[in-house]
Amino acid sequence: MLRNRAGDLEDLIAGVTACVTGLVSDYELIIVDNASEDDSVLRLKRLTRETGVPNVQVFALTKQVDIDTASWVGIENALGDFVVMIDPLVDDVGFLPKMLDEAVKGADVVFARNLLAPAEGWAYRMARAAFNKAYKAFSGVNLGKEAPLYRVLSKRVVNYILQHPQPAIAYRYLPAAGGFARANLTYSATPRAVPEKSLGDGIDRGVRLLVSTTHVPMRLITLLSLFGALANVVYSIYVFIVAMTNPGVARGWASLSLQLSGMFFLISLVLLVLGEYVLNSVSLSNEGPKYYIGQEFTSVRMTRHEKLNIEEAGAPVQDGSVADA
């Protein structure tokens, strides 16, 4: 996934292509342009011409989306047995052979974490640390250490994620929590650039991920509602005992207290029922598609097609007739 990197496209694609070409014979390099505002799309079109770079597939989005959604655009359109998610500005392409080696050995998911992560602001670091601790407590997965974004997924994992109603969100955590054979690797490499990160977008993305992937937050709400209902029952009993045993109680205190406790008891029950309804609801939101691909184009030259020994339909033969495909 790239955005507004027109000046670096040639070098980035050349570096990834050089690394992948020496590892596998058939590959596809998918580039998701996250609604770039520069001339990135025009440069990508030039790179996919007849004289350009082979095996490149480009998806240009019409509006900017979060990194998880943009990543999923490429993953769900990938055709290979293994899919590699890599940010060439942050991740080390040279570490890819070790990751693919683990995948070939049988790991369905291979994560790679860079020990030299890009520098971040103190507010962003604190918010991310708080989110990772909360998510670890709720789901048992530390996304920062156990599920970094640099990863290799087998087609089996991709097909499994596709069965979920919100695969773009499930992609972020599911490979680490789905019970697949996985390997966690670490390396040290200085990132080429510091990605742009917004604290507001990070909080929104974290809260959405937290409430979408675990029932614990909503379960806490229902438990608090149940506690409120029981507390009001206990308070009503206390008011009744005081009114019966203490003749010096001010007039109207007992009736007003019982009325308020009864109302709060009903409100707590309503919140409890609503919370359980939301918790067990399986309906999808009506927000529409998460992304829309405005342009799609592919390299004219595809090396895997050149290896196929197939005659094109309509090709003339020596006797003047037309050959069938």
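Computed values, structure above
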quantity	calculated
The chain, helix-only ellipticity at 222 nm - DSSP H runs n ≥ 4, -39,500 (n - 2.57), divided by all residues, nearest 500	-15500 deg cm²/dmol
J(HN,Hα) series, region 263-274, from Karplus relation 6.51 cos²θ - 1.76 cosθ + 1.60, nearest Hz, glycine and proline x	5, 5, 5, 5, 4, 5, 5, 4, 4, 5, 5, 5
Net lengthening on full extension, S198/V278 (0.36 nm per residue, minus Cα-Cα)	25.8 nm
Fraction in percent of alpha-carbon pairs per bin - 20 Å, the chain	24, 44, 19, 10, 2, 0
Three principal axis lengths of region 1-120 [C-alpha, angstrom, descending]	40, 39, 25
Accessible-area order (highest first, 1.4 angstrom probe) of the listed residues S71, S212	S212, S71
Kirkwood Rh and Cα Rg combined as Rg over Rh, evaluated for region 120-195	0.99
Cα-based Lys pair tally, the chain, threshold under 26 Å, eight or more apart or on separate chains	18
R0 of 22 Å, Cβ-Cβ distance D81-T21: FRET efficiency to nearest 0.05	0.80
Loop trypsin sites (Lys or Arg not before Pro), region 24-58, which have at most 13 other Cβ atoms in a 10 Å radius of their Cβ (DSSP)	R49
Cut-off 14 Å (backbone N to label point 7 Å along Cα→Cβ of D39), residues of region 1-27	5-10
Beta bridges by DSSP in the chain, antiparallel share as percent, to the nearest 5	50
Extension gain (nm, one decimal) between Q166 and T62, 0.36 nm per residue minus Cα-Cα	35.4 nm
Efficiency of FRET between Y238 and V270 - r from beta-carbon atoms, R0 30 angstrom, step 0.05	0.85
Pair F297, V104: separation of 7 Å Cα→Cβ label points (nm)	3.5
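The values are calculated or read from the model by the stated rules, or taken from the named source; none is laboratory data. On a predicted model such as this, the values are computed, not experimentally measured, just so you know. Ideal geometry is used to build each Cβ from the backbone, glycine not excepted, and the neighbour counts take in all protein chains shown. Just the protein is used for accessible areas: all its heavy atoms, side chains included, with ligands, DNA and RNA removed. Shrake-Rupley method; radii C 1.70, N 1.55, O 1.52, S 1.80 Å.
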